[in-house]
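The block underneath contains the structure these notes are about, expressed in C-alpha cells.
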Amino acid sequence: MSPKDHIILALDTDSRDLALRWVDLLGPHVSQFKIGLELVNNVGFDIFDDLRGWRLFYDAKFHDIPNTVAGAVRGATRAGVWMVNMHVSGGSAMMEAARQAAEDIARVEESVEPYLLGVTVLSSLNTRALHEELGMSVTAEDQALRLARLAQDAGLDGVVAGGEEVSAIREACGPDFIIMTPGIRPAGSELRDQVRVLTPGEAVHRGSTFIGVGRPVTRSQDPVGSLQRILDEVASAM
C-alpha cells in the first residue's frame with residue numbers, strides 16, 4: 001500500500017456541493033472517501049451515483065435484527081460501495097446474515113463484494129463512559145478486543161476500532177484482518193468529540209490498515225497542504 005491507500009477521507013458535511021468540491025480538490029491525493037450518515041441523510045442516496053468510480057466507505061453503522069441488516073447490506077452491495085460497516089454489538093447472527101447477503105448479491109450481479117467491517121467501541125467513548133453510562137465493567141480496550149474477535153468469528157473482514165486498541169487487535173486477529181481507525185488527529189489538532197485518538201503515524205505504526213481523516217483536512221485553511229503533511233507522516237511510519 002502507498003501512503004494514500006491508507007487514508008479514508010471523510011466527507012462529513014450536509015452539502016452535496018461541498019462534498020463534491022472536496023473530492024475534486026483532494027481526489028488526486030487519496031484513494032477512498034467515507035460517506036456517512038450526515039451526508040446521506042441530508043442529500044440522499046444519489047450521492048453514491050455522484051461518486052461512482054471512487055472507492056466509497058459507507059459508514060452506515062447498521063445495528064438491527066439480522067433480517068433488516070441483511071436487507072440493508074444487499075442495498076449497499078447493489079450500490080457498489082467498497083466497504084460498509086455495522087455494530088458488532090448487534091451479534092453474530094446479524095453479522096453472519098450481512099455476510100451472506102453481500103455474497104448473494106455479488107454472485108447474482110457478478111459484482112465485487114464490499115468489505116464488511118464491525119464497529120467495536122465508538123471513538124467518542126472511553127472506559128469511564130462505559131462504566132458510568134452504559135453499566136459495563138470492562139475497559140474500552142478490552143471490550144473492543146472482545147468485539148473484534150467476535151466480528152472475525154462471524155466472518156467480517158475487519159473492524160473499526162480506536163487507536164488504543166489497534167496493537168492488541170492486530171496481534172489477536174492476524175495480519176490480514178482490516179483495522180480501520182477513525183478520528184485520526186495530527187499532532188496539535190483539536191480533539192473535538194473524539195477521546196481515543198492517535199496521530200496518523202502512530203496508527204499506521206501500530207497496525208491500522210486504514211485511517212479515517214476528516215476535519216483536520218476539510219476544515220483546514222489549506223486542505224491540500226494539511227493532507228500532504230498527513231501523507232508524509234504516514235510514509236515515515238511505513
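The values are calculated or read from the model by the stated rules, or taken from the named source; none is laboratory data. This structure is a prediction, so every number in the text was calculated from the model and none was measured. In this analysis, Cβ positions are derived from the backbone assuming ideal geometry, glycine residues included, and neighbour counts consider all displayed protein chains. SASA here: full protein model, heavy atoms, side chains in, ligands and nucleic acids out. Shrake-Rupley method; radii C 1.70, N 1.55, O 1.52, S 1.80 Å.
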Can you list the HN-Hα couplings for region 114-119, worked out from phi with the Karplus curve (6.51, -1.76, 1.60; θ = phi - 60°), rounded to whole Hz and with x for Gly and Pro? x, 5, 10, 10, x, 7
Could you tell me which residue out of ALA79, ILE169, ILE211 lies farthest along the dipole of the chain toward its positive end? Charges go on the beta carbon: Lys and Arg +1, Asp and Glu -1, centred on the Cα centre. ILE211
Return a whole-number percent for the relative contact order of the chain, with Cα pairs under 8 Å and 6 or more residues apart as the contact set. 18 percent
Considering the dipole of the chain built from charges on the beta carbon (Lys and Arg +1, Asp and Glu -1) around the Cα centre, which of SER15, GLY90, THR68 is farthest to its positive end? SER15
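Which whole-number value in Å³ per residue fits the convex hull of the alpha carbons of region 1-129?
So the per-residue Cα hull volume is 132 Å³.
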What whole-number value in Å² describes the accessible area per residue of the chain for a 1.4 Å probe? 45 Å²
HN-Hα J couplings of region 160-166 from phi, Karplus 6.51/-1.76/1.60, θ = phi - 60°, integer Hz, Gly and Pro as x? 9, 8, x, x, 5, 9, 4
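When the dipole is taken about the Cα centre of the chain, and only Lys, Arg (+1) and Asp, Glu (-1) are charged at their Cβ, what size is it in debye, to the nearest 20?
220 debye
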Can you tell me the order of 165-174, 127-136 when each peptide is scored by its average per-residue count of other Cβ atoms within 10 angstrom, highest first? 165-174, 127-136
Please give the charge dipole size of region 16-100, origin at the Cα centre, charges +1 on K and R Cβ atoms and -1 on D and E Cβ atoms. Round to the nearest 20 debye. 200 debye
Is the shape of region 112-238 best called rounded, prolate or oblate, per the rule: a/c under 1.5 gives rounded, else a/b larger than b/c gives prolate, else oblate, with a ≥ b ≥ c the square roots of the Cα gyration tensor eigenvalues? oblate
Long-range amide H partners of GLY36 with built H, under 5 Å: LEU11, ASP59
At the level of C-alpha centres, the distance separating region 3-20 and region 103-134, in angstrom, is 19 Å
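From the P(r) of the chain, can you give the percent of Cα pairs sitting at distances over 24 Å?
Tail fraction, whole percent: 44.
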Within region 1-56: Cβ-based charge dipole about Cα centre, in debye rounded to nearest 20 (Lys, Arg +1; Asp, Glu -1): 240 debye
Taking a ≥ b ≥ c as the square roots of the eigenvalues of the Cα gyration tensor of region 47-120, is the shape rounded (a/c under 1.5), prolate (a/b larger than b/c) or oblate? oblate
Excluding ligands, DNA and RNA, the carbon-plus-sulfur percentage of the accessible area of the chain with a 1.4 Å probe reads 47 percent
